[in-house]
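Engineer: Please find one structure pasted underneath; my questions will follow.
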Amino acid sequence: MYRGRFLEVLGTGVGAAASGCHGLTGTRREPYLEAVTVRNLDTADHEFGLAVERAGSVVHEETIELAGSGTDQSQTSVACDWSGRGPFVVTCTLNDGETERVRVDRSSDDIDQGQGAYAQVTFTTTDTGALGSSGYLDDGGREC
């Protein structure tokens with residue numbers, strides 16, 4: 001008599017536990033790319049060639065010229081000129097030479113994986129003229 005109730009409770013518990021683990025198996029969706037920022041910390045002027053690809057197609061491409069100020073005041077952002085979720089690849093070429101590429105997807109090591117769905121990517125020239133990149137996910141502010 002108790003055996004039937006025990007099996008019913010056990011079956012319900014196993015089903016609930018298994019369904020709760022479904023969210024832990026990598027079903028997170030691809031992030032949005034909310035903004036790409038370029039910064040020139042060098043005292044020399046620099047030209048940044050910027051390209052954004054989504055799922056293998058170029059969705060944004062432009063050249064940005066930033067004056068050298070030696071401070072973080074010389075920067076500009078390209079925000080959400082594309083729509084939809086990634087995966088994205090953002091490429092920045094400095095003065096037709098040095099290139100940095102950042103992959104933005106749900107498993108990328110190129111950006112800090114936070115809890116949000118909106119990626120922010122920044123390319124920066126250092127005070128010695130070297131190009132670097134960084135990126136992170138946050139809660140964003142709008143749908144891209």
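Engineer: Taking only the range 56-90 into account, find how many residues are under 26 Å from Asp109 (Cα atoms) and assigned to a loop (DSSP other than H, G, I, E, B).
Structural biologist: Going through the range 56-90 one residue at a time, the tally reaches 9.
Here's the yes/no breakdown for (1) surrounded by 14 or more Cβ atoms within 10 Å (Cβ to Cβ); (2) in contact with a Gly (Cβ under 9 Å, 6 or more places away or on another chain); (3) more than 19 Å from Gly135 (Cα to Cα):
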site: Pro31; (1), (2), (3): yes, yes, no
site: Thr71; (1), (2), (3): no, no, yes
site: Gln75; (1), (2), (3): yes, no, no
site: Val102; (1), (2), (3): yes, yes, no
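Engineer: Scan the range 113-136 and tell me whether some residue there is more than 15 Å from Thr37 (Cβ to Cβ), touching a strand residue (DSSP E or B) at 6+ places or on another chain (Cβ under 7 Å) and in a strand (DSSP E or B).
Structural biologist: The answer is no; no qualifying residue exists.
Engineer: Next question, about the same structure. Is it the case that Asp72 is at pLDDT 90 or above and more than 15 Å from the chain's Cα centre (by Cα)?
Structural biologist: In short, no.
The values are calculated or read from the model by the stated rules, or taken from the named source; none is laboratory data. Quick caveat: nothing in here was measured; it's all calculated off a predicted structure. Please note: Cβ atoms are built from the backbone with ideal geometry, for glycine as well, and neighbour counts cover all protein chains shown.
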